[in-house]
1. Can you give the Rg to Rh ratio of the protein assembly as shown, both from alpha-carbon atoms, with Rh computed by the Kirkwood formula?
2. Please name which of A:PHE297, A:VAL204, A:THR183 has its Cα lying farthest along the dipole of segment A:130-369 towards the positive end, using unit charges on Cβ (Lys, Arg +1; Asp, Glu -1) and the Cα centre as origin.
3. Using a ≥ b ≥ c from the Cα gyration tensor of segment B:200-347 (square roots of the eigenvalues), is it rounded, prolate or oblate, where a/c under 1.5 gives rounded and otherwise the larger of a/b and b/c decides, a/b for prolate?
4. Run the numbers for B:ARG375 and B:ARG249: contour at 0.36 nm per residue of separation, minus the present Cα-Cα distance, in nm.
5. With charges only on Cβ, +1 for K and R and -1 for D and E, what is the dipole size of chain A about its Cα centre, in debye, rounded to 20?
6. For the protein assembly as shown, what is the charge dipole size about the Cα centre, in debye to the nearest 20, if Lys and Arg each add +1 at the Cβ and Asp and Glu each add -1 at the Cβ?
7. Could you work out the helix-only [θ] at 222 nm for chain A, with each DSSP H run of four or more residues adding -39,500 (n - 2.57) and the total divided by the number of residues, to the nearest 500 deg cm²/dmol?
8. So who's got an amide H within less than 5 Å of the one on B:CYS434, skipping anything under 5 residues away but keeping other chains? H placed 1.01 Å off N, in plane.
2 protein chains.
Amino acid sequence: MSISETEESPLYQRLAVTLAEAIHCGTYPPGSRLPAIRRCASHHQVSVNTVLTAYRILEDRGLIEARPQSGYYVRSVLPSVKAVSRLHPTVHSPGSDKLALIETVFAAQNHPDYTNISLACPQNSDFYPTAKISRIISSLLRREPMLIGRYALPPGSQRLRREIARRALDLGMSLTAEEITLTHGCMEALQLALRAVTTPGDCVGVETPTYFYLFPLLASLGLSVLEIPTDPQQGLSLDALELVLQEKRIQALVAMPTAQNPMGCTMTLPDKKRLAKMVNHYQVPLIEDGLYCELQFNWPLSPAVKAFDSDGWIIHCTSFTKTIAPDFHLGWMAGGRFHEKLARLKSVSSLAESRLLSETLGHFLESGGYDHHLRNLRRRYAAQMDEARGMIARHFPAGTRATQPSGGFVFWVELPGRLDCVALFHRLLQEKICLTPGALYTLSERGNSAMRLSCCYPFDDRYSWALKRTGALACEMSGIAAGSE
Amino acid sequence: MSISETEESPLYQRLAVTLAEAIHCGTYPPGSRLPAIRRCASHHQVSVNTVLTAYRILEDRGLIEARPQSGYYVRSVLPSVKAVSRLHPTVHSPGSDKLALIETVFAAQNHPDYTNISLACPQNSDFYPTAKISRIISSLLRREPMLIGRYALPPGSQRLRREIARRALDLGMSLTAEEITLTHGCMEALQLALRAVTTPGDCVGVETPTYFYLFPLLASLGLSVLEIPTDPQQGLSLDALELVLQEKRIQALVAMPTAQNPMGCTMTLPDKKRLAKMVNHYQVPLIEDGLYCELQFNWPLSPAVKAFDSDGWIIHCTSFTKTIAPDFHLGWMAGGRFHEKLARLKSVSSLAESRLLSETLGHFLESGGYDHHLRNLRRRYAAQMDEARGMIARHFPAGTRATQPSGGFVFWVELPGRLDCVALFHRLLQEKICLTPGALYTLSERGNSAMRLSCCYPFDDRYSWALKRTGALACEMSGIAAGSE
């Protein structure tokens, strides 16, 4: 097959299209290896550079992935989740029933006998630079034994804040150490941001589905919630959002435009720019949850929406809990025009972060090992995600749909046949398998037949047994046979 | 001199009275050493045990103190601060001007060139078991390398909560590990407790003067504040409180009945019982700040008010920040009838505490070294407090009054001549000395001529120079000569 340059589009783009078609029609099935670069170049009579560029485009689209020292492989493909069209969202007052369900989930997570397939709680130090972190702690304790005996005050470790600012450039954010407020994880950052920009009785816009803890958090602050239609691949519907902003129906917006939890989707660059412009225009604060920004599978990283914040209406919240040290619960926020208010609120709410932990992270980031670690982590999570999606395609009821995440380690699965996933959750608990039912992530009925799955666990026999068992039970309960069995 | 047993009172009590009189009339001046036990016994013709008991009574009253391997010494005495009688307190809406002042104080505290004499922020690891804590951390990292890579979930370290429950018995509180919620320091405990029991617009009763961060905290939650008359030695006026409760003027009360910040006073046992009974009777939640409970100078410890909580209306909040590891900011609360609500609020507000830090404290408490450490810490702070009060008596303007704390490391100083302590604060800042003006601790005018001082710093040349310099400047500004010069 030969591909010749035409006026319509460059050579590499046409090659990419050809290959994508070959993937879609099954010439290269999921999991198979693409031809080596040189072979492909000679086969299509193009240069090695053209092939490399084409492969990179396919990689960007999530169709293939590079595996080090091995080549390019086709990623497993599941039907995507369809967006739900709801142009007239309704306001809910989130209750505390979800919280009881979450607590059941946490209790199972804390119990060593249970196998978890859903929580975004890394449980394995293999994935994290624990040895290096341990060495830094020990060395800090030797060099600065006073550290433990000194009261930590705001604003906290200058070293860590400087490193955060330096690294934020990778996500397009130009920040100084002084603009950063350290927090007790991303959860506290979200909590403080909400308290800073709302008053009880206000309404807050969220994606649907969204991070499950947002609902009880909003309820605890006396805030009501408006779910804004969200596409499983494109993210937040900006048209729907604009309508809501025009009608002044929300006083703040919480969104995760990059590697969204629970769907894993990332908004396109133009959409991110439009979102930033919109919240600045309407002067409605956007609380951007950037928890998985650094765990995007593709490089260069898609920038944070905060990168396009013209007048400071965006508060970027994130943490190192998913990237370096899950145990530390160390997060930060860049508050734009709300910075001073947020710093003060942090200070009167929980004062300051441990210098021992902050300096440890600061030294780790300074040491330069972070990029290497992140590359490994991304590769690992991407590969595990792929394996999990492959297993779902084989073992879950035919017609099961799943999102194709662009980063992080969670994805969203919708089951066919109106299967009640809360019932499935309770059945699985009896077998000591713990998942998080979709009902936790949305107030709409859409979540009833859905679940979030997570690939932050080592993909061992126990995990794959639990996935298979979940699939088998879902087949049994829905009366639908497994996908490709 | 001979003391013979009479019918009125036992021998040791009469000896104690005799000695107290000798102290008050100057036979034993502040700082002087009392006769050795045997010499005293032979001099007064009583048994060694009688002398020991009498000395213990004097110690309980705060008149003398035991110094290890050295004997008993008379504590320095300053005129006490007079209670301010305000039976009809007024409601204030605390502004944020105090916060700006506090931030100036923190900035100076963070700056190595400044000498601090006021903040309750331990700066010296000599006072804290840093070496032992370091060893525990290192050993934990060796034995459980996974710890850093595991996501910490609520309710957090069972070991730490069990040890907390065990130790709470010393303060009369009978708790189980399940009744304890770990928090990010005492500050977060107070914040969560306030959020759990109030709604914006409510009014909260506080002592006057009180912990300075309470004002901006209450303001951030949309709460107004009612200052309730507080005696510098007896604490909260329960008669005034009862009036306020009868009139339903407050929806919650925050108080520090033991080693109060900033005055150092502890309520009597009958008063503590009456307070517990009162809040349970009127069903108004008491948020008991127990931060310095374990740093009481006398043994056995005066119990927490929570010890007498009949129906669960008392939330006890505290932390290990002043006792073991100032850097960790690890605290806890026992929420009584609000426990479940508080645990959930903690969970949605900042999720959980680091297991590395919690387990470290748990192991430290288990190891049994805590009591020994606490005894040293109490002795050290008591001795430093005494020295500081002695210096104030010598170097501050004649007529200066200071409280005689029963624990902790802060005390309250009122200057004569309507001296403006905020002006003094700013003058001292120019000389790189940092204190906290009394205006921070109360909304009433009473604070204008007052300051809090702290003895948590090592009593070195720099600290004593700063105290003397503060005194000299106060003399200059007030035009009143120093006390005993």
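Just so it is clear, none of the values below were taken in a lab; they were calculated from the coordinates. Source: prediction; values computed, not measured. For neighbour counting, all protein chains shown are included, and Cβ atoms are generated from backbone atoms with ideal geometry for every residue, glycine included.
1. Taking Rg over the Kirkwood Rh, I get 1.04.
2. A:THR183
3. Rounded.
4. Gain on stretching B:ARG375 to B:ARG249: 41.3 nm.
5. On the way: 50 positive and 46 negative charges, 169 e Å.
Charge dipole, chain A, about its Cα centre: 820 debye, nearest 20.
6. Approximately 1500 debye in magnitude.
7. About -13000 deg cm²/dmol.
8. B:THR115, B:ASN116, B:ILE117
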